[in-house]
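Chemist: First the structure, then my questions, so here it is.
The values are calculated or read from the model by the stated rules, or taken from the named source; none is laboratory data. Just so it is clear, the model here is predicted, and its values are computed rather than measured. Counting neighbours? That spans all protein chains shown, and the Cβs are built from the backbone with ideal geometry, glycine included. Protein only, heavy atoms only, side chains kept; ligands, DNA and RNA dropped before computing areas. Shrake-Rupley method; radii C 1.70, N 1.55, O 1.52, S 1.80 Å.
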Amino acid sequence: MELVSPAGNLEKLRYAAIYGADAIYASGKNFGLRAKSENFDQEELSQAVDFIHSLAKKIYITVNIYPHNEHLEALPEYLKFLEAIQVDALIISDPGIFKMAQEMVPHIPVHISTQANVTSWKAASFWYDLGVKRIILARELSRDEITFIKKKLPNLELEIFVHGAMCISYSGRCLLSDYLAGRSANLGNCTQPCRWQYSLVEATRPDQQFSILEDENGSYILNSRDLCLFDRLEEIIQCGIDSIKIEGRMKSLYYVANLSRTYRKALHLIEQKESLPPSLREELAKVSHRNYTEGFFSKESESSRQHYPNSHYIRNYQFIGPALYENNHLQINVKASFRIGDTIEIIFPDFNDDHFIEVTEILDADGIRINEAKPNSTVKILLPKILPSYGIVRKKI
C-alpha cells in the first residue's frame, strides 16, 4: 500500500520523501486548494520532480480548484508544463479541468480529488469509464462502503486520507470562508472560520434558550477533530485500498517527516506480520494536533468527531529545527528557542538512529558561545558521536 505525504515547499518535500513517503503531493502557485501554503514555482516544481524521481518515487500535482471562466485562461500552458517535467499524476476535482487535461495532456494519469465527493461505486464507475486511474475517496465513507466500492471496481485504484485536519463541510465544499471573510475555500483561500468562536442567538426570541455545549469562552460548534486511522491500517489494507494519504501541506517540516516515518514503519511491521509497539503509536502525539478521531471509518458517534471546548492544538513536543552534521558539530536552523542545559532529541528516518543530547555548548554563526539559541538564527552544538544526515531536532515541552 502506497504512502503519500504532503509538501508545501521544496524542503518539506525532500524530508517527506527521505522519511518514508512513496509519493508526494504538492501544488504549483495556482490551481491548488492550499493557496496560503508556500507552494512551488515552475523552477521549484522541476527540481522537485527531478529529486523525487532520483529516489524512484512519485510526485502528484494538485490542480483541484473549482475554477471560474477567468481561471481557465492560464491552465493550458500550465498543464503542458507539468507534462514537460513529467509529473506522475494530476489531482483534479472539476469536470472542466478534467476535460482539458484529457484533451491537452492525455498521457498524464488523473487522480480524482477527495473534493469531488465520490461516495458510491456508481460515482466511482463514472470516473473510471472516463479513463481515471485513481479516486481519492470522500472522507465521509465507512470501512464497509469502501470495501464495497473496491469489490465493484477491483481495477480502479482507491486512495483515502488517514491522518490530518478534517473539514467541517462535506469533503471541503464550504462557503463559510467566502461568506464571512471574502476568501473562497474552493479556490484555495480558506480562513478556517469553522475554528472561530460562536454564540447562538435568535434575534426575535431573546428569552428562549438554545441548548448547546458552551463555556465562558463561547462554543466551538463547528470544530472538527483531526483524523487518525493509524489503529485501522490492517483493516484499510483488507479493504483493498491502494494508497493512504497524510493531510498537511501547510504543516511544519517536522510534522510531515515524523508522520511519514511513523506510518512507513507501521506499514513495514504489518507487512512483516509483526505487532506495532506502543512507542510507535506515541509518535502521533508528538506532533502538533487537535484531539484525534477515526471519523467516518468506524462506528464512532457523531459527537466524537467534534471537539466542543476549544480549537487549541495539542503540543507536547517543540520543533526546534532541521539539522546538518558538520565537523563534529550539528548545525541547526532554529525555529524555536533552546538553551544550555536543555535535553534535545534528534530524530532520523530510521527510529534506531534517534539520539538524545544534553546541550552543553551553543555556538552562534560567528562561532561565539551563547547561552540560548533563538528563532530565525543558525547555531551549532557539539556532538558526542557521528550521526546520520537529515536530522530533525525536537524538545519535550
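Chemist: Candidates (1) 1.02; (2) 0.99; (3) 1.30; which is the computed Rg/Rh (Cα atoms, Kirkwood Rh)?
Modeler: Here the calculated entry is (2).
Chemist: Among Ala138, Tyr254, Ser279, flag the residue with its Cα farthest along the positive direction of the charge dipole of the chain, charges on Cβ as +1 for Lys/Arg and -1 for Asp/Glu.
Modeler: Of the options given, the answer is Ser279.
Chemist: Hey, what do the phi angles of the stretch 248-261 turn into as Karplus ³J(HN,Hα) couplings, whole Hz, using 6.51/-1.76/1.60 and θ = phi - 60°, x for Gly and Pro?
Modeler: Running phi through 6.51 cos²θ - 1.76 cosθ + 1.60 with θ = phi - 60° gives x, 5, 9, 7, 6, 4, 4, 4, 5, 5, 5, 5, 4, 5 Hz.
Chemist: Report, in listed order, any pair from Lys150/Lys286; Lys57/Lys396; Lys374/Lys396; Lys57/Lys133 with a Cα-Cα distance greater than 28 Å.
Modeler: Over 28 Å Cα-Cα: Lys150/Lys286; Lys57/Lys396.
Chemist: Further, regarding this structure: Provide the percentage of antiparallel DSSP beta bridges, counting only those with both residues in the chain; round to the nearest 5.
Modeler: Taking every DSSP beta bridge within the chain, about 55 percent pair in antiparallel fashion.
Chemist: Counting only protein heavy atoms and using a 1.4 Å probe, what share of the accessible area of the chain belongs to carbon plus sulfur, as a whole percent?
Modeler: 48
Chemist: Related question: Looking at Gly295, Cys190, Tyr390, which one has the Cα that reaches farthest to the positive end of the dipole of the chain (charges on Cβ: Lys, Arg +1; Asp, Glu -1)?
Modeler: The Cα lying farthest towards the positive end belongs to Gly295.
Chemist: Can you tell me how the stretch 116-190 classifies by the Cα gyration tensor, rounded, prolate or oblate, using a/c under 1.5 as the rounded cut?
Modeler: prolate
Chemist: Around Phe338, which amide H atoms from residues at least 5 apart in sequence, or from another chain, sit under 5 Å from its own amide H, with H modelled in the peptide plane?
Modeler: So Phe338 has HN proximity to Ala373.
Chemist: Sticking with this structure for a sec: Residues with amide H under 5 Å of Glu2's amide H, sequence separation 5 or more or different chain, H placed in the peptide plane at 1.01 Å from N; which?
Modeler: Excluding prolines and chain starts, which carry no amide H, the hits are Ser243, Ile244.
Chemist: Tell me the mean residue ellipticity at 222 nm calculated for the chain from its helices only (DSSP H runs of n ≥ 4, each -39500 (n - 2.57), averaged over every residue, nearest 500).
Modeler: -7000 deg cm²/dmol
Chemist: Using only alpha carbon pairs under 8 Å that are at least six residues apart, calculate the relative contact order of the stretch 236-385 and give it in whole percent.
Modeler: It rounds to 17 percent for the stretch 236-385.
Chemist: Can you sort Arg261, Arg315 by solvent-accessible area, 1.4 Å probe, largest first?
Modeler: Solvent-accessible surface, decreasing: Arg315, Arg261.
Chemist: Taking Cα pairs under 8 Å and at least six residues apart, what relative contact order does the stretch 342-392 come out at, in percent?
Modeler: 35
Chemist: Roughly how much of Met250 is accessible, in Å² to the nearest 10, using a 1.4 Å probe?
Modeler: 100
Chemist: Follow-up question, since we're still on this one. Using the Karplus curve 6.51 cos²θ - 1.76 cosθ + 1.60 with θ = phi - 60°, what ³J(HN,Hα) values do you get for each residue of the stretch 127-137, in whole Hz, with x for Gly and Pro?
Modeler: 5, 4, 5, 8, x, 6, 7, 9, 10, 8, 5
Chemist: Can you give me the solvent accessible area of Asp50 with a 1.4 Å probe, rounded to the nearest 10 Å²?
Modeler: Spelled out: Asp50, probe radius 1.4 Å, area about 100 Å².
Chemist: Determine the dipole magnitude for the chain: charges of +1 sit on the beta-carbon of Lys and Arg, -1 on that of Asp and Glu, nothing else is charged, the reference point is the Cα centre, and the result goes in debye to the nearest 20.
Modeler: That gives the chain a dipole magnitude of about 260 debye.
Chemist: Within the set of other residues whose C-beta is less than 14 Å from the C-beta of Ala84, count the net charge using Lys and Arg as +1 and Asp and Glu as -1.
Modeler: Here the count lands on -4.
Chemist: Normalised by the number of residues in the chain, what is the relative contact order in percent for Cα pairs under 8 Å and 6+ residues apart?
Modeler: Once divided by the residue count of the chain, the mean separation gives 15 percent.
Chemist: In the stretch 32-110, what GluC sites (Glu not before Pro) fall in a loop by DSSP, with at most 16 other Cβ atoms inside 10 Å?
Modeler: Glu73
Chemist: Would you list Trp127, Trp196 from the most to the least accessible area, probe 1.4 Å?
Modeler: Trp196, Trp127
Chemist: Are there trypsin sites (Lys or Arg not before Pro) in the stretch 27-125 that DSSP marks as loop and that have at most 15 other Cβ atoms within 10 Å, and which are they?
Modeler: Passing both the DSSP loop test and the Cβ count: Lys29, Lys36.
Chemist: Farthest toward the dipole's positive end in the stretch 1-120, which of Pro95, Gln47, His111, given Cβ charges of +1 (Lys, Arg) and -1 (Asp, Glu) about the Cα centre?
Modeler: My answer, from the dipole projection, is His111.
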